[in-house]
Amino acid sequence: EQNESTNFAIVRTLSLIGIVVLLLRELFQFILSPRVYLKSPINWFEVTLIFLAIYLVVQQNQNGNNNDPHLRILRAVTILFAAYEFLQLIGTLPYLSISTYMVIFKKVAATYLKSLLLYSILLISFALSFCALFGGKIESGNSNSTKSAEEEGGSNEDEDAFNSFSYPGIAIIKTIVMLTGEFDASALSLDRNPSYSIIFLIFVFLITIVLLNLLG
């Protein structure tokens, strides 16, 4: 059904046109100046994008609607690569100060990432602290409730594991999300011990208030 739909055919046609245009562009650049072309990281990025796009188109034509998780990841990465390439091309336009805005965007993004990398020590330490306080293996409950949850197309166990800092990796992701102020204090069981509330309030003050305003 997906391969026969009109919208999918339009997207696939536009994708093929984009691949051909990028391929011709890279070939002309390589022919004009091979040494300079090979030394530029952005050119290697564009070659990677072209190969990923061609690979996904071939896989789609061979397998149709393929739900392979690896292909899903490649599709997501290719979309992000294509978006970045589009921004690169738009940023070269000499209209409406677009190129100036792109330069500002890159500088702000680089500065933010450098600052966040420096203060990541605090984020990781709070994440591990929350994992030590609230973490632990989530009990799966009885088999009937687990079976019914799977039949409904999802499980509350995964959501509980994310909200309760069950594992260090999930705890770090959850803490980064909490950096933006998106946290549910009611799911943290702060009533277990007054020390839990104190550590959580320290996080709210240092990270959500001080660090977020500093980075802003």
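The values are calculated or read from the model by the stated rules, or taken from the named source; none is laboratory data. In this text the structure is predicted, and so the values were computed from the model without any measurement. Cβ: placed from backbone, ideal geometry, glycine included. Neighbour counts: every protein chain shown. Calculation scope for accessible area: heavy atoms of the full protein, side chains included, ligands and nucleic acids excluded. Shrake-Rupley method; radii C 1.70, N 1.55, O 1.52, S 1.80 Å.
Can you pull out the GluC sites (Glu not before Pro) in the stretch 1-60 that DSSP calls coil and that have at most 15 other Cβ atoms within 10 Å?
Of the GluC sites (Glu not before Pro), the ones in loops of the stretch 1-60 whose Cβ has at most 15 other Cβ atoms within 10 Å are GLU1, GLU4.
Given labels modelled 7 Å from the Cα in the Cβ direction, how far is it in nm from TYR196 to TYR95?
Between TYR196 and TYR95, the label points sit 5.8 nm apart.
Share of the stretch 1-118's accessible area from carbon and sulfur, percent, 1.4 Å?
72
Please express the Cα-Cα pair-distance distribution P(r) of the stretch 1-123 as a list of whole percents, one per 5 Å bin, running from 0 to the bin with the greatest distance.
Values per bin, smallest distances first: 2, 9, 13, 17, 16, 15, 12, 9, 5, 1, 0.
Evaluate E = 1/(1 + (r/R0)^6) for LEU118 and VAL20, where r is the Cβ-Cβ distance and R0 equals 45 Å; express this FRET efficiency to the nearest 0.05.
Calculated value: 0.55.
Over the stretch 1-57, give the accessible area per residue in Å² for a 1.4 Å probe, as an integer.
Computed with neighbouring chains in place, this is 74 Å² per residue.
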